[in-house]
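Only one structure is covered here, and it is reproduced in the block below.
The values are calculated or read from the model by the stated rules, or taken from the named source; none is laboratory data. Everything numeric here is computed off the predicted structure, so don't read it as measured data. Note: ideal-geometry Cβ built from the backbone for every residue, glycine included; neighbour counts use all protein chains shown.
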Amino acid sequence: GMEDMDLYMEDYDFVEEAHQASKSPETFENWVKKWVLSCKGHSDYLRKLGYKRILELKGRSHFDSWRFDIGVMENRPKTTRYTPIEMAIVAMARKLAEKVKKNGYQTLLAGAGIANLAAWLSFYNLKKEGYSLDLMAEVGLYGYIPRPTDPSLFNMRNFPTCKMNADTHTIMGMLVGGKKAQCIGALGAAQVDERGNINTTKTASDRYIVGSGGANDVASTAREVVAIVPHVKERLPKKVFYVTSPGKTVRTVVSTLGIFEKLDTDSRFTLTAYYPKDGLNKEQIIQELCEGSNWSFKVASEVEEVSPPTRWELDLLRSFDPRRYYLGSPPDEQGT
């Protein structure tokens, strides 16, 4: 590594504080004043963070610090009950593994959040079967192995596990989009339309969201993309307000109710799978899928029922995000 560069872990408390503050212009303005405008310089900012906080963040960046973060694992739900988000992540992980084996993909690059959790779960699903797959991250990570307790895409604990530390140009330009690259992408989305176009930039009211990051590069150049999105009408519009990432390579969309795929050369989606739901039969679930979307989509002649997550899948998934930053409220709180 670089001897003069200090490493530190993601400060999730700080991120959450900023997230909550951004819910209104007034609270966000106060947050910016506190952490940016009122700081005379970097040293002043560090003093405001405090010695103990900085020391903890630096200590947690050590490659084996996850072994000492076991206490947080005790808070994981022990139940096999699951939330809609957990079901969707597991379904996406299985679909990614299926496509890797079927099409011979050699690498997988995921966006941040729940798409990344699905990629990690898929990696271990394939590893369990003895199938080799190299995970990549756009900052230059190639062939890394996900460590538990921190769901961050650029988790510092994963860096020492890499087969190669490269750079963004090598990863995105050659290993995702190169002529001989065999990469599948996994992306999250604020919105996905019926053509597969993804919006993660701004809303119809002209408010900005998170932006593209490397998503456009992946959607534009990877061999194929699987996207994941909550099944809500405004998240599944007929046409996205803003195209962050083109939908040409987006062949599969996994929602919190089912799975949509572009079959053969079709440019539109077909509902191919649904998740079981207590008290509802197949026809009722499909009706709910249709009513919860603005898409015009086909329904396969044989729509598959996706089996619930296994205990192994749930335990592994929850070990990646024991604080549930991306997984959200545990199943007992959601009544699922």
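Numbers at a glance
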{"item": "Considering residues of segment 35-48 that are in a helix (DSSP H, G or I) and either touching a helix residue (DSSP H, G or I) at 6+ places or on another chain (Cβ under 8 Å) or touching a residue at least 40 places away in the same chain (Cβ under 8 Å) (or both) only, the residue nearest to Phe14 (Cα to Cα)", "result": "Trp35"}
{"item": "Top-ranked residue in segment 1-33 [being over 22 Å from Tyr325 (Cβ atoms) and at pLDDT 95 or above; ranked as surrounded by the most Cβ atoms within 10 Å (Cβ to Cβ)]", "result": "Val32"}
{"item": "Residue match in segment 116-132 (condition: in the same structural domain as Val226 (by TED's automatic domain parsing), small (Gly, Ala, Ser) and part of a loop (DSSP other than H, G, I, E, B))", "result": "yes"}
{"item": "Residues of segment 7-35 satisfying the condition of being under 24 Å from Lys58 (Cβ atoms) and small (Gly, Ala, Ser)", "result": "Ala18"}
{"item": "Positions within segment 135-146 being under 14 Å from Ser122 (Cα atoms) and not in a strand (DSSP E or B), in sequence order", "result": "Ile145, Pro146"}
{"item": "Subset of segment 200-209 (residues that are in a loop (DSSP other than H, G, I, E, B) and either among the acidic types (Asp, Glu) or touching a residue at least 40 places away in the same chain (Cβ under 8 Å) (or both))", "result": "Thr200, Thr201, Asp206"}
{"item": "Filtered residues of segment 178-216 (kept if at pLDDT 95 or above and acidic (Asp, Glu))", "result": "Asp193, Glu194"}
{"item": "Residues (within 16 Å of the chain's Cα centre (by Cα), closer than 22 Å to Asn125 by Cβ and part of a loop (DSSP other than H, G, I, E, B)) located in segment 298-324", "result": "Asp321, Pro322, Arg324"}
{"item": "Segment 301-333, subset surrounded by fewer than 14 Cβ atoms within 10 Å (Cβ to Cβ) and small (Gly, Ala, Ser), residue farthest from Phe269 (Cα to Cα)", "result": "Ser329"}
{"item": "Only listed residue being modelled with pLDDT of 90 or more, in the same structural domain as Arg157 (by TED's automatic domain parsing) and part of a loop (DSSP other than H, G, I, E, B), chosen from Ala93, Ala112", "result": "Ala112"}
{"item": "Failed condition for Lys163, given (1) under 24 Å from Lys101 (Cβ atoms); (2) within 17 Å of the chain's Cα centre (by Cα)", "result": "(2)"}
{"item": "Residue ID - farthest from Gln106 (Cα to Cα), chosen from residues in segment 132-167 that are at pLDDT 95 or above and among the hydroxyl-bearing types (Ser, Thr, Tyr)", "result": "Tyr144"}
{"item": "Exclusive hit being of a type outside the set (S, T, N, Q) and within 23 Å of Val225 (Cα to Cα), set Lys298, Lys277", "result": "Lys298"}
{"item": "Yes/no for Ala88 being touching a residue at least 60 places away in the same chain (Cβ under 8 Å), crowded, with 21+ Cβ neighbours inside 10 Å and either touching a Phe, Trp or Tyr at 6+ places or on another chain (Cβ under 8 Å) or closer than 17 Å to Ser255 by Cα (or both)", "result": "yes"}
{"item": "Residues of segment 139-151 that turn out to be surrounded by fewer than 22 Cβ atoms within 10 Å (Cβ to Cβ) and among the acidic types (Asp, Glu), as a count", "result": "0"}
{"item": "Subset tally (residues that are crowded, with 21+ Cβ neighbours inside 10 Å and part of a helix (DSSP H, G or I)) for segment 71-84", "result": "0"}
